[in-house]
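Since the structure comes first, as structure tokens, the remarks are kept for the end.
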Amino acid sequence: MTSRLHMESDQPDFIRRQYEFAANIRDPEKEPAPADIEERRMAVYRELFYNNVESFISGTFPVLRKLHRDESWHALIRDYFARHRSRTPLFPEMPREFVAYLESERGDHPGDFPFLYELAHYEWVELALSIAEETIPTDGVEPDGNLLDAIPVLSPLAWHLNYRFPVHRISPDFIPSEPGENPTSLVVYRNREDEVGFLEINPVTKRLLELLGEETGRNGRSLLQQIAGELKHPQPEVVIDGGHQILTRLHELDIVPGTRL
């Protein structure tokens, strides 16, 4: 956080004045404005800076915003604005900074939703994937390869996530107070049309994606045989058949864009 605590006694006067100016914009209740700047002008700067930040965060976290009343929302954003020291000047990175604040700096606040960080992270992932520079691989990939006999390729634009709360279902009509009985596993992905979607997955799909992410060079059948062994399933072919259906679905969504040539 930029504040007077960061000012050194031997700093040039113009730098000290910049710190005073920024500190008052960030936290006007605690940091006085520079003495020679008209309060009316400072108020304009404070409003412009805060409104820019608040508007950008509201647009990035629409569900989180809908869940909060105006008073509690602005209290949250003002706390972030005053306390968090961003490590980048880039606007597209601001949502990541907000998530980092919720994870490491916010702490326990009366009235905060128990899923506050997880929901924010989920909403941030949607933005992060939409602007990610990675692309679905085409070189060395056979789009119509045999998903069992060849080596499936996992898209870098498919992120496997685990949450305590069912974040993909949270809305003003569904506000859980306790985590679900089981963790929520999701794949959030971007397809070839640059559309971002999500898929709730079961333990077999979760394990399959973990193995695909390890890039072991094994074909789909071998990976599914391993999963059947881990499950101690009496009929491995049942797991393999079900896994083939899973791989087909992942292929349709561009989560598995094809097989290695």
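The values are calculated or read from the model by the stated rules, or taken from the named source; none is laboratory data. Since we're looking at a predicted model, the values are computed, not measured. Positions of Cβ are backbone-derived with ideal geometry, glycine not excepted, and every protein chain shown enters the neighbour counts.
Whether any residue in region 216-231 is within 25 Å of SER130 (Cβ to Cβ) and surrounded by 20 or more Cβ atoms within 10 Å (Cβ to Cβ) is what I want to check. For region 216-231, residues within 25 Å of SER130 (Cβ to Cβ) and surrounded by 20 or more Cβ atoms within 10 Å (Cβ to Cβ): absent.
Sub-7 Å Cβ pairs linking a first residue in region 97-116 that is within 20 Å of ILE175 (Cβ to Cβ) and in contact (Cβ under 8 Å) with a residue 24 or more places away in the chain to a second residue that is surrounded by fewer than 17 Cβ atoms within 10 Å (Cβ to Cβ) and among the hydroxyl-bearing types (Ser, Thr, Tyr), at least 6 apart or interchain, are GLY111/SER72; PRO114/SER177, ordered by first then second residue.
Per the conditions (1) over 20 Å from GLU118 (Cβ atoms); (2) modelled with pLDDT under 95; (3) not basic (Lys, Arg), the sole criterion not satisfied by ASN191 is (2). When we screen SER185, SER177, SER171 for residues that are among the small types (Gly, Ala, Ser), under 29 Å from PRO95 (Cα atoms), touching a residue at least 24 places away in the same chain (Cβ under 8 Å) and out of contact with any Phe, Trp or Tyr (no Cβ under 9 Å at 6 or more places or on another chain), the only hit is SER171.
The number of residues in region 145-182 that are acidic (Asp, Glu), surrounded by fewer than 10 Cβ atoms within 10 Å (Cβ to Cβ) and modelled with pLDDT of 95 or more comes to 2. Remark: PHE81 matches the filter, which requires a residue to be farther than 18 Å from SER130 by Cα and not acidic (Asp, Glu). VAL239 falls short on exactly one of the conditions (1) farther than 26 Å from GLY140 by Cβ; (2) of a type in the set (Val, Ile, Thr); (3) surrounded by fewer than 19 Cβ atoms within 10 Å (Cβ to Cβ), and that condition is (3). Given the condition buried (at least 17 other Cβ atoms within 10 Å of the Cβ) and touching a helix residue (DSSP H, G or I) at 6+ places or on another chain (Cβ under 8 Å), answer yes or no: does some residue in region 129-138 qualify? Among the residues of region 129-138, not one is buried (at least 17 other Cβ atoms within 10 Å of the Cβ) and touching a helix residue (DSSP H, G or I) at 6+ places or on another chain (Cβ under 8 Å), which makes the answer no.
I'd like the full set of residues that are of a type outside the set (A, V, I, L, M, F, W, C) and surrounded by 10 or more Cβ atoms within 10 Å (Cβ to Cβ), limited to region 69-86. Listed by number, the residues that qualify are SER72, HIS74, ARG78, ASP79, TYR80, ARG83, HIS84, ARG85, SER86.
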